[in-house]
Amino acid sequence: MKRIISILSVFVLPTLCSLGMDRMDALSQIESHNNDRAIGRQQEVSRYQILPAFWEQANVVWRPTDPATARIVVNWIMQGRSHEFEARYHRAPNDFEYYILWHRPSCYIGRPVPRHITSAEIERGHRFANLCQADS
């Protein structure tokens, strides 16, 4: 049994871990460490830290502890933000930009000139991009 676990840990697990996360998994990791019961300083809820107003606008049942429902809300929010980004910049956002669109969309959309991004936001954006692109 130990030999099977050893073989798995040497050959299979590094391959699985090196594929990188999808954006939703990376966002969940950065925002709450995948905690479905997380509540932020501005009363954001769920593993993605979604503001209550977005739950109402998305027209879904209020279930912030359900990861599937929270994912639907995030996809709905980001579809709109990504569409606005693409209309302005004529390309899809890269992983770093995607995180900034999530965390502070006014940096890229709704303004004539992109807004300043703080060093903490830059760091988190790079961590997010690294999670998405890990050896892929």
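Here are the numbers:
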item: Top-ranked residue in the range 54-98 [being more than 22 Å from Gln42 (Cα to Cα) and among the acidic types (Asp, Glu); ranked as nearest to the chain's Cα centre (by Cα)]; result: Asp95
item: Unique residue being open to solvent by less than 50 Å² (accessible area, probe 1.4 Å), without any contact (Cβ under 8 Å) to a residue 24 or more places away in the chain and among the hydroxyl-bearing types (Ser, Thr, Tyr) when the list is Ser82, Ser119, Ser46; result: Ser82
item: Residue match in the range 33-46 (condition: under 26 Å from Glu97 (Cβ atoms) and in a helix (DSSP H, G or I)); result: no
item: Positions within the range 55-79 being modelled with pLDDT under 85 and open to solvent by less than 90 Å² (accessible area, probe 1.4 Å), in sequence order; result: Trp55, Ala58, Val60, Pro64
item: Matching residues, the range 15-39, being at pLDDT below 90 and either in contact with a helix residue (DSSP H, G or I) (Cβ under 8 Å, 6 or more places away or on another chain) or surrounded by 17 or more Cβ atoms within 10 Å (Cβ to Cβ) (or both); result: Gly20, Met21
item: In the range 85-116, residue modelled with the highest pLDDT [restricted to those that are open to solvent by 70 Å² or more (accessible area, probe 1.4 Å) and not in a loop (DSSP other than H, G, I, E, B)]; result: Glu86
item: Enumeration of residues in the range 52-64 that are in a loop (DSSP other than H, G, I, E, B) and either charged (D, E, K, R) or touching a Lys or Arg at 6+ places or on another chain (Cβ under 6 Å) (or both); result: Arg63
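The values are calculated or read from the model by the stated rules, or taken from the named source; none is laboratory data. Predicted model only: the values in this text are computed from it and were never measured. Methodologically, a virtual Cβ is constructed for each residue, glycine included, from the backbone with ideal geometry; neighbour enumeration extends over all protein chains shown. Protein only, heavy atoms only, side chains kept; ligands, DNA and RNA dropped before computing areas. Shrake-Rupley method; radii C 1.70, N 1.55, O 1.52, S 1.80 Å.
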